[in-house]
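Input: a single structure, listed below in structure tokens.
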């Protein structure tokens, strides 16, 4: 029995995590935290991340356009550079790279802050004053991340396409119409939904893992460090895995759907 | 009143509480004494439900704290105040926000409605009453250890809880500061007329403030009684206490009870 418990301990952790996440989500529908708490988090999770997201999106766009151009122009395909950038940013690089940056910029901070509050008994103090820390601390972060992360992703995609446009037009002397024209024809709503669904899933994933790791920390300063590292690594791994699952799954679904109904 | 019945708790097979029984009557100031690491703080955290026991009951005015969850649990907690060992002030908030936290969240004080417009005035009053005037806009990190403890006391007493719990209030302070904190605990207890539980291993605090002392050892309450009765008991730990104070309780008594 002891052996069994040890081997399958991770099942308890997963169960605990799911219960935690559901409890946080229940605050979306009733017991909504006060607006001032949400506003504070919207600012620190969203607005303060703009710089890092701008940099990520813009530089990815630059690199993507440069690579595409050099790979394609000797085959006479330089005209699809803009399309390459737009599609790649929208379906793949926008959500994934923004998620990775978001984990480092926001996720780590959430875990470290909550874990510190936990080990210095601030969370216990909050409970003892009959204030539910899930509602007061976790829910505002959940709500902000779930709303802000897709917005940041869209913003990063726009920055990427903008970067690609700049390099294509001003460095490779491409005509602006050559860059833009294929985009409305070949970028379809499915590409947008692909990116958007990924962004929503990643947003929920990051904030739930980082809050959970922070709130379940026990011990001292060293444990805060361990919790933060684990939160970041777990988020990274799950982002990569779930990204693959979503890419394959959504594409298969879409193909089947168009075959039957399209 | 608080009635603890047959409380068992073990962590990873290591039993900390082994069938502990304790009654705490209304209006009493009880000091729970015992060695560091004997599980006194664990007992305190059981009383407010932060830990759930393996078995046993904790009755708080007929609510069993060990079986309460969700809204009912938080409802019972509203009549509790606890001062943690390190103060546990919220370090992202100023002293003013810390002290006003409960009233700001619940809009209540001493079980009655309280208007938020009055909050600044009573926060200021609470700070003056613990000797911290003029610190309202500072952050906890810029206060000394003793001041943090005072601020934590202010944060709890401001909402006039029925039950006030102190976890090692004088540990880590110099003897003089410790004595003033002990005085403050007694002053607040008399003013609020509630029930106070102090966990401490500081003999000076115990003798000078307690109505009753309970010795916690090996996971149970071994001895309890008024300070005078307590010090006369024949028990190895109490003999050790007696040695420290030179065999006579009057040596360290500061005032008549």
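Which one of the conditions (1) touching a residue at least 12 places away in the same chain (Cβ under 8 Å); (2) in contact with a strand residue (DSSP E or B) (Cβ under 6 Å, 6 or more places away or on another chain) does residue A:142 fail to meet, given that it meets all the rest?
(2)
Run residue A:5 past the list (1) closer than 26 Å to residue A:142 by Cα; (2) within 14 Å of chain B (Cβ to nearest Cβ) and report the number of the one that doesn't hold.
Evaluating residue A:5 over (1) closer than 26 Å to residue A:142 by Cα; (2) within 14 Å of chain B (Cβ to nearest Cβ) leaves (1) as the failure.
Read through the list (1) at pLDDT below 90; (2) more than 14 Å from every other protein chain (Cβ to nearest Cβ); (3) surrounded by 16 or more Cβ atoms within 10 Å (Cβ to Cβ), then give the number of the only condition that residue B:31 fails.
(1)
Taking residue B:108 as the residue in question, decide whether it is farther than 30 Å from residue B:203 by Cβ and surrounded by fewer than 18 Cβ atoms within 10 Å (Cβ to Cβ).
Working: farther than 30 Å from residue B:203 by Cβ: yes; surrounded by fewer than 18 Cβ atoms within 10 Å (Cβ to Cβ): yes.
Yes: the conditions hold for residue B:108.
Hey, residue B:127 hits all of (1) in contact (Cβ under 8 Å) with a residue 24 or more places away in the chain; (2) within 14 Å of chain A (Cβ to nearest Cβ); (3) part of a helix (DSSP H, G or I) but one; which does it fall short on?
Condition not satisfied by residue B:127: (2).
Let's see how each residue does on (1) modelled with pLDDT under 95; (2) more than 22 Å from residue A:18 (Cβ to Cβ); (3) assigned to a helix (DSSP H, G or I):
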position	(1), (2), (3)
A:201	no, no, yes
A:211	no, no, yes
A:218	yes, no, no
A:231	no, no, yes
A:235	no, no, yes
A:251	yes, yes, yes
A:254	yes, yes, yes
A:257	yes, yes, yes
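This table checks each residue for (1) out of contact with any helix residue (DSSP H, G or I) (no Cβ under 8 Å at 6 or more places or on another chain); (2) surrounded by fewer than 20 Cβ atoms within 10 Å (Cβ to Cβ); (3) within 14 Å of chain A (Cβ to nearest Cβ).
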site	(1), (2), (3)
B:149	no, no, yes
B:153	no, no, yes
B:161	no, no, yes
B:164	no, no, yes
B:167	no, no, yes
B:173	no, yes, no
B:177	no, yes, no
B:187	yes, yes, no
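In region B:84-95, how many are in a helix (DSSP H, G or I) and either surrounded by fewer than 19 Cβ atoms within 10 Å (Cβ to Cβ) or within 9 Å of another protein chain (Cβ to nearest Cβ) (or both)? Can you show your working first?
The initial filter retains those residues of region B:84-95 that are in a helix (DSSP H, G or I), namely B:95.
Add one more test, that the residue is either surrounded by fewer than 19 Cβ atoms within 10 Å (Cβ to Cβ) or within 9 Å of another protein chain (Cβ to nearest Cβ) (or both), and what stays is none.
Adding up the residues that qualify gives 0.
So which of B:227, B:169 ends up being in contact with a strand residue (DSSP E or B) (Cβ under 7 Å, 6 or more places away or on another chain) and closer than 26 Å to residue B:77 by Cα?
Working: B:227 fails: closer than 26 Å to residue B:77 by Cα.
Matching residue, one of B:227, B:169: B:169.
If we only count helices (runs of 4 or more DSSP H) wholly inside region A:48-142, which ones have 3 or more residues that are within 21 Å of the chain's Cα centre (by Cα), more than 29 Å from residue B:163 (Cα to Cα) and away from every other protein chain (no Cβ under 14 Å)? Walk me through it before giving the result.
Values: elements: A:50-72, A:81-88, A:94-102, A:108-119, A:122-128.
Of the helices (runs of 4 or more DSSP H) lying wholly inside region A:48-142, those with at least 3 residues that are within 21 Å of the chain's Cα centre (by Cα), more than 29 Å from residue B:163 (Cα to Cα) and away from every other protein chain (no Cβ under 14 Å) span A:50-72, A:81-88, A:94-102.
Checking the conditions here, which among A:125, A:112 is surrounded by 19 or more Cβ atoms within 10 Å (Cβ to Cβ), touching a helix residue (DSSP H, G or I) at 6+ places or on another chain (Cβ under 6 Å) and either more than 30 Å from residue A:80 (Cβ to Cβ) or in contact (Cβ under 8 Å) with a residue 40 or more places away in the chain (or both)? First the steps, then the outcome.
Working: A:125 fails: touching a helix residue (DSSP H, G or I) at 6+ places or on another chain (Cβ under 6 Å).
Just one listed residue meets the conditions, A:112.
Every residue in region A:198-243 that is farther than 25 Å from residue A:117 by Cβ and surrounded by fewer than 15 Cβ atoms within 10 Å (Cβ to Cβ), please.
A:237, A:240, A:241
Please tell me if residue A:133 is in contact with a helix residue (DSSP H, G or I) (Cβ under 7 Å, 6 or more places away or on another chain), crowded, with 22+ Cβ neighbours inside 10 Å and within 30 Å of residue B:79 (Cα to Cα). Can you show your working first?
Working: in contact with a helix residue (DSSP H, G or I) (Cβ under 7 Å, 6 or more places away or on another chain): yes; crowded, with 22+ Cβ neighbours inside 10 Å: no; within 30 Å of residue B:79 (Cα to Cα): yes.
The answer is no for residue A:133.
Is at least one residue of region B:157-180 part of a helix (DSSP H, G or I), at pLDDT below 90 and closer than 28 Å to residue B:107 by Cβ? Break it down into steps so the answer makes sense when it comes.
At the first step, the residues of region B:157-180 found to be part of a helix (DSSP H, G or I) are B:157, B:175-180.
This time we only want the ones that are at pLDDT below 90, so: B:175-180.
Add one more test, that the residue is closer than 28 Å to residue B:107 by Cβ, and what stays is none.
No.
What number of residues in region A:166-187 are part of a loop (DSSP other than H, G, I, E, B) and closer than 21 Å to residue A:57 by Cβ? Full working, then the answer.
Of all residues in region A:166-187, those part of a loop (DSSP other than H, G, I, E, B) come to A:171-175, A:181, A:187.
Then drop every residue that is not closer than 21 Å to residue A:57 by Cβ, which leaves A:171-172, A:174, A:187.
Looking only at that region, the number is 4.
Among the candidates B:58, B:24, B:4, B:48, single out the residue that is surrounded by 14 or more Cβ atoms within 10 Å (Cβ to Cβ), under 23 Å from residue B:193 (Cα atoms), in contact (Cβ under 8 Å) with a residue 40 or more places away in the chain and within 13 Å of chain A (Cβ to nearest Cβ).
Every option except B:48 fails the conditions.
Within region B:63-80, which residues are more than 7 Å from every other protein chain (Cβ to nearest Cβ) and under 19 Å from the mean Cα position of the chain (by Cα)?
B:65, B:76, B:79
Matching residues to (1) surrounded by 17 or more Cβ atoms within 10 Å (Cβ to Cβ); (2) farther than 22 Å from residue B:25 by Cβ; (3) at pLDDT 85 or above:
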residue: B:191; (1), (2), (3): no, no, yes
residue: B:194; (1), (2), (3): yes, no, yes
residue: B:207; (1), (2), (3): yes, no, no
residue: B:212; (1), (2), (3): yes, no, yes
residue: B:218; (1), (2), (3): no, yes, yes
residue: B:223; (1), (2), (3): yes, no, yes
residue: B:232; (1), (2), (3): no, no, no
residue: B:241; (1), (2), (3): yes, yes, no
residue: B:250; (1), (2), (3): no, yes, no
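Let's see how each residue does on (1) within 21 Å of residue B:193 (Cβ to Cβ); (2) within 12 Å of chain A (Cβ to nearest Cβ); (3) without any contact (Cβ under 8 Å) to a residue 12 or more places away in the chain:
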{"site": "B:82", "(1), (2), (3)": "yes, yes, no"}
{"site": "B:100", "(1), (2), (3)": "no, yes, no"}
{"site": "B:115", "(1), (2), (3)": "no, no, yes"}
{"site": "B:118", "(1), (2), (3)": "no, no, yes"}
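Limited to region B:235-252, what total is found for residues that are over 21 Å from residue B:22 (Cβ atoms), part of a loop (DSSP other than H, G, I, E, B) and out of contact with any helix residue (DSSP H, G or I) (no Cβ under 6 Å at 6 or more places or on another chain)? Break it down into steps so the answer makes sense when it comes.
As a first pass, look at region B:235-252 and keep what is over 21 Å from residue B:22 (Cβ atoms): B:239-240, B:242-252.
This time we only want the ones that are part of a loop (DSSP other than H, G, I, E, B), so: B:245-248, B:252.
Now narrow it down to the ones that are out of contact with any helix residue (DSSP H, G or I) (no Cβ under 6 Å at 6 or more places or on another chain): B:246-248.
Matching residues across region B:235-252 total 3.
The values are calculated or read from the model by the stated rules, or taken from the named source; none is laboratory data. As the structure is a prediction and not an experimental result, all values here were calculated from the model. Neighbour counts run over all protein chains shown; Cβ positions are idealised from the backbone, glycine included.
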